[in-house]
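Every number in this text was worked out from the coordinates using simple rules, so none of it is lab data. Predicted model only: the values in this text are computed from it and were never measured. For neighbour counting, all protein chains shown are included, and Cβ atoms are generated from backbone atoms with ideal geometry for every residue, glycine included.
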Amino acid sequence: MPVITNIVNRFNNNRLNQIEHFRKFPVDTQQATFVRLLKIASETEWGRKYGYSSISSVKEYQSRVPVQTYEDLIPYIDRLGKGESDLLWPGRISWFAKSSGTTSAKSKFIPVSKEALEDCHYRAGKDVLAIYTFNNPSSRIFSGKALVLGGSHRIDQFSNKALCGDLSAILIQNAPSWVELVRTPSKSIALVEDFEKKLELITRATVNKNVTNFSGVPSWFLTLIKYILSYTGKSNLLDVWPNLEVFFHGGINFTPYRELYKKLIPGEKMHYMETYNASEGFFGIQDDPSIPEMLLMLDYGIFYEFVPADKTGDKYSPACTIGEVEKEVNYAVVISTNGGLWRYMMGDTIEFTSLQPYRFHITGRTKHFINAFGEEVIVENADKALEAACKSTDAIISEYTAGPVFMDVSTRGSHEWLIEFEKDPSDLDKFTDILDSTLQSVNSDYEAKRYKDINLVKPIVRPVPKGTFHNWLKSKNKLGGQNKVPRLSNTREYIEEIYITAGI
C-alpha cells in the first residue's frame with residue numbers, strides 16, 4: 001500500500017466508523033438530524049411561523065409545514081439576497097448556488113449557509129476520498145493532482161451583499177488554502193466564466209501536470225477531454241496523464257457516456273465513482289464499486305422524506321421517512337436542510353434497491369418525462385432503452401433529448417428522439433426498433449399505448465450533426481457549470497429549438 005494512502009486511510013478510520021454507524025442505525029440517525037434542525041431553526045422567522053419549538057414528531061411537522069417548491073421560497077430568497085438575516089436559517093446568507101438544471105430561462109438561487117458548506121458539501125468531498133481509498137488501498141491518487149471542472153461566479157444580482165455562482169464555483173471559492181496544493185488548475189482559471197475560454201486555459205495549465213483524478217459532470221468533462229486530445233494530438237487520455245485512475249462523476253446519468261469514456265480512457269485500471277450532489281445538498285456516494293447504486297448519506301444535516309412520484313401534486317401528499325420506504329417504488333425526494341430549505345421538493349426521483357443499507361439509483365425528474373399519451377416514460381426508461389440500442393448496433397451517444405409528436409386528424413401520436421451520435425449505429429432502423437422494444441419491456445404504460453399502434457406508433461430517431469447540443473446550449477448562454485440537456489419533455493419546445501440550431 002502506498003505510504004500516503006495508508007496514512008490517509010488511518011486518518012479516515014473514525015469517519016468510516018461513523019458511516020458504518022448510520023448504515024446500522026439509519027432511523028435513529030435521521031431522527032437526531034430532524035430534532036437538531038428544528039431546534040437550530042426554531043427562532044428564525046420560518047421557525048416561528050410554523051411553531052418549530054412546539055413540534056414533537058415528524059408527523060406533526062408534516063401536518064404543519066406544506067411541501068415547498070422553489071417558487072414558494074422566492075419571497076424569502078429575495079429578502080435574503082438583500083441582506084436580511086434569520087429568515088430560513090440562523091444568520092445571514094452570503095452565498096447562493098445558481099441552479100440551471102434545465103435550459104429554462106429562469107435560474108434558481110439556492111441559499112448556501114456556512115453549515116451547508118462545512119457539514120454537507122465539504123464533508124461529502126472528504127467522504128468520497130475516504131470511501132475510494134478504502135476500496136482501493138493500492139491507489140496512488142495522492143501522488144498527483146485533482147482536476148476539477150467547475151463553474152463561475154459573479155456578484156449576486158439582488159445586491160452587493162450576496163454572491164452567487166454554480167455550486168462547484170462556490171466550493172472552489174471557499175475551499176481551504178491547502179486545497180490549492182492538490183487541485184489543478186488554479187482558482188483564477190477554474191472560475192473563468194467563459195466556458196470556451198476556460199477550456200483553453202485549463203488545457204494549457206494541466207497537460208503537463210500529473211493528473212491522477214478528475215471530478216465533474218460527464219457531459220462537460222467529455223468536451224474538455226476532446227479539447228485536450230485535439231490540443232495534444234494524443235489518441236487517448238492516458239497518453240496525456242498516464243497515472244489517471246478515477247473519475248468522480250455526478251449530475252447526470254453516466255450510462256450514455258460509459259462506452260465513450262472507455263474509448264477515450266482505455267484499459268481496465270480506470271475507476272468510475274458516482275456521486276449525487278446538487279445545489280441543495282450532497283446526498284449519495286457509490287460506496288461499493290461492484291454495484292452501480294449509491295449509499296444515501298444520512299448524517300450531512302439533511303432530513304429526508306419521500307413522496308411517491310405519482311402523488312406529487314398535493315402539498316400535503318403523504319410522505320415516507322427513511323424507515324417507511326419500500327424497494328422498487330419511484331419516489332420524489334423532499335428535503336429539510338441546514339441551508340434553510342424546509343420540506344423542499346427538489347424535483348429528482350429515486351428508487352431504493354436496498355434497505356440494509358439504504359442504496360438507491362436516480363430515476364429522473366418529476367418534470368422530465370413524456371406523458372403526452374399516458375405512457376409515463378421517465379429518464380430511467382430512456383437510458384435503459386438507449387443503452388440496449390447502442391449495444392446492439394455498436395453505437396455511442398454524446399447527447400439526446402426526446403419529446404412527443406402529437407396526434408392530428410389523420411395521424412397517431414409518437415415520440416421523436418434527437419440524438420447526437422459520437423459513433424453512428426450500424427443500422428439506424430435496428431437501433432430504433434430496439435429502442436422501441438426495450439421501452440415496451442421496461443414500461444408497461446408505454447407498451448400498452450404501443451399495442452398494435454393504437455395510440456402510439458414507432459418512435460422517430462433523428463440524428464443531428466456533432467456539436468448541435470453544444471451550440472444550442474451556447475445560444476442560450478448555458479455552457480458549462482451545472483447546465484444539462486433536458487432528456488425528456490412533455491412538449492416540443494426543446495425539439496423545435498434544436499431543429500433551428502441543427503438546420504433541420
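Can you work out ³J(HN,Hα) from phi for every residue in the range 257-267, in order, using Karplus 6.51 cos²θ - 1.76 cosθ + 1.60 and θ = phi - 60°, giving whole Hz and x for Gly and Pro?
9, 4, 5, 5, 5, 4, 6, 7, 10, x, x
Counting Lys +1, Arg +1, Asp -1, Glu -1, what net charge surrounds Pro242 among other residues with beta carbon under 13 Å of its beta carbon?
+2
For Ile322, what charge total do you get from the other residues with a beta carbon under 11 Å from its beta carbon, if Lys and Arg give +1 and Asp and Glu give -1?
Around Ile322, the charge tally is -3.
Exceeding 24 Å between C-alpha atoms, which entries from my cross-link table qualify? They are Lys430/Lys478; Lys327/Lys367; Lys423/Lys484; Lys24/Lys114; Lys98/Lys384.
Lys430/Lys478; Lys24/Lys114; Lys98/Lys384
Kindly provide the chymotrypsin sites (Phe, Trp or Tyr not before Pro) of the range 292-348 that DSSP labels as loop, not H, G, I, E or B, and whose Cβ sees at most 15 other Cβ atoms within 10 Å.
Hits after loop and neighbour filter: Tyr316.
Between Trp472, Leu87, Ile4, whose Cα lies farthest towards the positive end of the dipole of the chain when Lys and Arg beta carbons carry +1 and Asp and Glu beta carbons carry -1, centred on the Cα centre?
Of the options given, the answer is Ile4.
By count of other Cβ within 10 Å, fewest leading, how are Ile370, Ile460 ordered?
Taking fewest neighbouring Cβ atoms as first place, the list is Ile460, Ile370.
Sequence-distant or interchain residues sharing an amide H contact under 5 Å with His271, placed H: which?
Residues meeting the amide H criterion: Val246, Phe247.
Which FRET efficiency value, to the nearest 0.05, do you get for Val27 and Asn135 by plugging their Cβ-Cβ distance into 1/(1 + (r/R0)^6) with R0 = 30 Å?
The value I calculate is 0.70.
In deg cm²/dmol, rounded to 500, what helix-only [θ] at 222 nm does the chain give when every DSSP H run of at least 4 residues adds -39500 (n - 2.57) and the total is split over its residues?
One gets -10500 deg cm²/dmol as the mean residue ellipticity at 222 nm.
Distance from the Cα centre of the range 339-382 to that of the range 202-258, in angstrom?
Using only Cα atoms to place each centre, the spacing works out to 29 Å.
Of Leu298, Ala162, Phe221, which is farthest on the positive side of the dipole of the chain, counting Cα position, with +1 on Lys and Arg Cβ, -1 on Asp and Glu Cβ, and the Cα centre as origin?
The listed residue farthest towards the positive side: Ala162.
Using unit Cβ charges (K, R positive; D, E negative) and no other charged atoms, how large, in debye to the nearest 20, is the dipole of the range 369-502 about its Cα centre?
For the range 369-502, the charge dipole is close to 300 debye.
Taking amide H positions as placed 1.01 Å from N in the peptide plane, with prolines and chain starts having none, which residues 5 or more places from Gly364, or on another chain, fall under 5 Å of its amide H?
Thr349
Exposure proxy check: Thr401, Thr33, Thr203 ranked by fewest other beta carbons within 10 Å?
Fewest to most other Cβ atoms nearby, the residues stand as Thr203, Thr33, Thr401.
Can you tell me how much longer the chain between Lys82 and Ser354 gets when fully stretched, taken as 0.36 nm per residue apart minus their C-alpha distance, in nm with one decimal?
Extra length available between Lys82 and Ser354 comes to 93.5 nm.
What is the gain in length, in nm to one decimal, between Asp194 and Met407 on full extension, counting 0.36 nm per residue of separation less the C-alpha to C-alpha distance?
Working it through step by step, the gained length comes to 72.5 nm.
GluC sites (Glu not before Pro) within the range 1-76: which are DSSP loop residues with at most 14 other Cβ atoms inside 10 Å?
Answer by residue number: Glu43.
Which aspartates and glutamates does Lys226 reach when only Cα atoms under 16 Å apart count, and residues fewer than 8 places away in its own chain are ignored?
Glu196, Glu200, Asp239, Glu259, Glu399, Glu420, Glu422
In whole Hz, what ³J(HN,Hα) sequence does the range 239-254 give by Karplus (6.51, -1.76, 1.60; θ = phi - 60°), x for Gly and Pro?
Calculated HN-Hα couplings, in order: 6, 8, 10, x, 9, 5, 9, 7, 10, 8, 10, x, x, 9, 5, 7 Hz.
Greater than 18 Å separation of Cα atoms is the criterion. Which listed pairs, Lys198/Lys262; Lys262/Lys391; Lys269/Lys466; Lys187/Lys262, meet it?
Over 18 Å Cα-Cα: Lys198/Lys262; Lys269/Lys466; Lys187/Lys262.
Starting from the amide H of Met346, placed 1.01 Å from N in the peptide plane, find each other amide H under 5 Å away whose residue is 5 or more places distant or on another chain.
Val333, Ile335
Residue by residue through the range 395-406, which ³J(HN,Hα) values in whole Hz follow from phi under the Karplus form 6.51 cos²θ - 1.76 cosθ + 1.60 (θ = phi - 60°), with glycine and proline marked x?
Values per residue, Gly and Pro as x: 9, 10, 9, 8, 8, 7, 8, 9, x, x, 10, 6 Hz.
How far apart, in nm, are the 7 Å Cα→Cβ label points at Arg64 and Lys430?
Modelled inter-label distance: 6.3 nm.
Working out 0.36 nm times the residue gap between Glu268 and Asn490, then minus their Cα-Cα distance, what length gain in nm do you get to one decimal?
76.0 nm
Take every DSSP beta bridge whose two residues both sit in the chain, then give the antiparallel share in percent to the nearest 5.
Roughly 65 percent of the DSSP beta bridges within the chain come out antiparallel.
Mind checking the dipole of the chain: about its Cα centre, +1 per Lys or Arg Cβ, -1 per Asp or Glu Cβ, Debye to the nearest 20?
1360 debye
Which percent, to the nearest 5, of DSSP beta bridges fully inside the range 369-502 are antiparallel?
Approximately 65 percent, going by the DSSP bridge assignments.
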